[in-house]
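Note sheet for the following structure.
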Amino acid sequence: MAEPSLKHPSRLALLDPAIVRGVIARLRLTHLLGRFPERPIWALFMFINGFITIGILAGVAMISHTPFVFPSLGPTAILLFYTPLSPTASPRHTLYGHAIGILCGYGSLLVMGLHHAAPAIGSNVDSRRIMAAALSLALTASLMILLKAAHPPAGATTLIVSLGVVTKPFYLLIVEIAVALLVGQGIAINRLAGLDYPLWAKRLQPMHPWQPKASAE
């Protein structure tokens, strides 16, 4: 949905900042929208939420000495708070997607005999590592389609595993727990905003034969 602008019309297809409007309304700060443009407020919201989200998980990682923060959490956080009503941002897709990525990444390490090898940093990249990375991403993409659980950031998760950055089974469980914590925050914030954010998965309303189809506007 394009964001209207009378002074500077844009031909770009832009997302509508519904989540920011909802949060501001719930906090009774609607006067802000009368004083400032929506997009800078939206950017500030994303800045604060992203900082808090990763800051909390990084703090847990520091205290527990476990990988509670890893690169693919970043794009997942942006999906949850930037496009929360997208099917790929639902709790089901997020949890299943990362779980598929973890399993495919570790499975690829086992197939290539690399589950005890050093991480692929610099000179440690060889043909087996290349095959493990390619296989893990291919399997992840295929299974997400077959299981109807597409979540693009999971592609980064599977590479983190297949490249040897995180390989211990206990740490892989921690990775999924970190995703679950992020999903919990997504549910809380999006519900606070008054959005119809699903607790598990977004489902289509059933169409009856006698109901007219919505016309395109």
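Read-outs: derived from the displayed coordinates by stated rules, not from any lab. Because the structure is predicted, anything quoted here is derived from the model rather than measured. Glycine also receives a Cβ, built like all others from the backbone with ideal geometry; neighbour counts cover every protein chain displayed.
Overview of values
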| read-out | value |
| --- | --- |
| Kyte-Doolittle mean at least 1.0, axial Cα span of 24 Å or more - DSSP H helices of the chain | 38-64, 127-146, 169-192 |
| Whole-angstrom gap from segment 125-182 to segment 55-123, using each part's C-alpha centre | 7 |
| Cα centre as origin, Lys/Arg/Asp/Glu Cβ charges: the chain dipole, Debye | 340 |
| Residue exposure sequence - Lys202, Lys148 - by fewest surrounding Cβ within 10 Å | Lys148, Lys202 |
| Long-range amide H partners of Phe68 with built H, under 5 Å | Ala61 |
| Helix-derived mean residue ellipticity, 222 nm - over the chain, DSSP H n ≥ 4, -39500 (n - 2.57), to 500 | -19000 deg cm²/dmol |
| Dimensions in Å of segment 13-128 - Rg and Dmax from alpha carbons | 19.4, 61 |
| Quotient of C-alpha Rg and 2.2 N^0.38 Å, computed over the chain | 1.20 |
| Which of Thr53, Thr158, Thr88, Thr30 has the fewest Cβ neighbours within 10 Å, and the rest in rising order | Thr30, Thr88, Thr53, Thr158 |
| Taking Phe170, Phe81 and counting other C-beta atoms within 10 Å, the order from fewest to most | Phe170, Phe81 |
